[in-house]
1. Taking amide H positions as placed in the peptide plane 1.01 Å from N, state which residues far from Val69 in sequence (5 or more) or on other chains have amide H under 5 Å from it.
2. Would you mind checking the pairs Lys10/Lys66; Lys66/Lys152; Lys19/Lys184; Lys66/Lys173 and listing those with alpha carbons more than 26 angstrom apart?
3. What residues have an amide H closer than 5 Å to that of Tyr29, excluding those fewer than 5 places away on the same chain, when H is modeled at 1.01 Å from N in the peptide plane?
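A short reminder: the numbers here are calculations on the coordinates, not readings from a lab. Values in this document were obtained by computation on a predicted structure and should not be read as measured data.
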Amino acid sequence: MVAATQLAAKGARVLVLEKYVIPGGSSGYYRRDGFTFDVGSSVMFGFSDKGNLNLITQALEAVGHKMEVIPDPSTVHFHLPGDLSVLVHREYDDFVTELNAGDIARKFIKDQQLLSFIDAEVLCDRHFGGINYPVGGVGGIAMSLADGLVDKGSEIRYKANVTNDLSRKDYEKKKEFVATEIIKRLEKKLFPGLQDSIVLKEDWNKDLLY
């Protein structure tokens with residue numbers, strides 16, 4: 001759905017074939033007795049107006065939509081052995097202060113590679129904006145994207161089955177193309193040099209992308 005809305009936002013006319021009766025997949029929902037229940041995640045990162053990884057906000061804004069959210073005052077609170085308590089604050093600066101730039105980890109962990117990973121996680125801007133509960137449920141994200149897609153002049157057909165399958169060879173070619181494009185975009189935005197460190201397998205035994 002995000003791919004479709006990104007194309008539509010850039011002027012393309014897109015047809016989305018959705019097998020189910022609503023959009024969303026793992027971010028779908030169902031209703032019982034007047035209540036809405038999420039069938040996948042119920043909390044989300046990505047609603048911030050800061051940083052580079054506020055991907056839900058960016059996706060919705062691309063088609064002129066925005067969702068009301070209920071913020072959680074903290075992301076998570078770790079209670080570990082030895083009376084070690086680490087609160088992942090909603091505000092990024094408070095979170096870094098809590099960790100003292102990794103000093104807590106260094107008291108208990110000696111592996112340098114693991115410590116480097118922890119440093120990267122601390123500095124990662126996905127924490128901007130913290131966890132949010134979308135009003136109406138996570139299914140509202142896909143519904144908002146679907147509405148935005150239609151607003152842009154594109155179309156979604158529900159209960160639609162694809163009847164003309166690609167050959168395995170064509171499928172693998174397209175899958176490798178998509179994987180390469182994803183790596184290129186990640187490399188450009190977040191991780192310079194990433195593509196040079198990844199070798200795509202010629203034999204795709206497992207479906208990595210759909």
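1. Amide H to amide H, under 5 Å and 5 or more residues apart or across chains, Val69 pairs with Val135.
2. Working: Lys10/Lys66 18 Å; Lys66/Lys152 15 Å; Lys19/Lys184 30 Å; Lys66/Lys173 36 Å.
Distance filter (> 26 Å) returns Lys19/Lys184; Lys66/Lys173.
3. Hits under the 5 Å cutoff: Val39.
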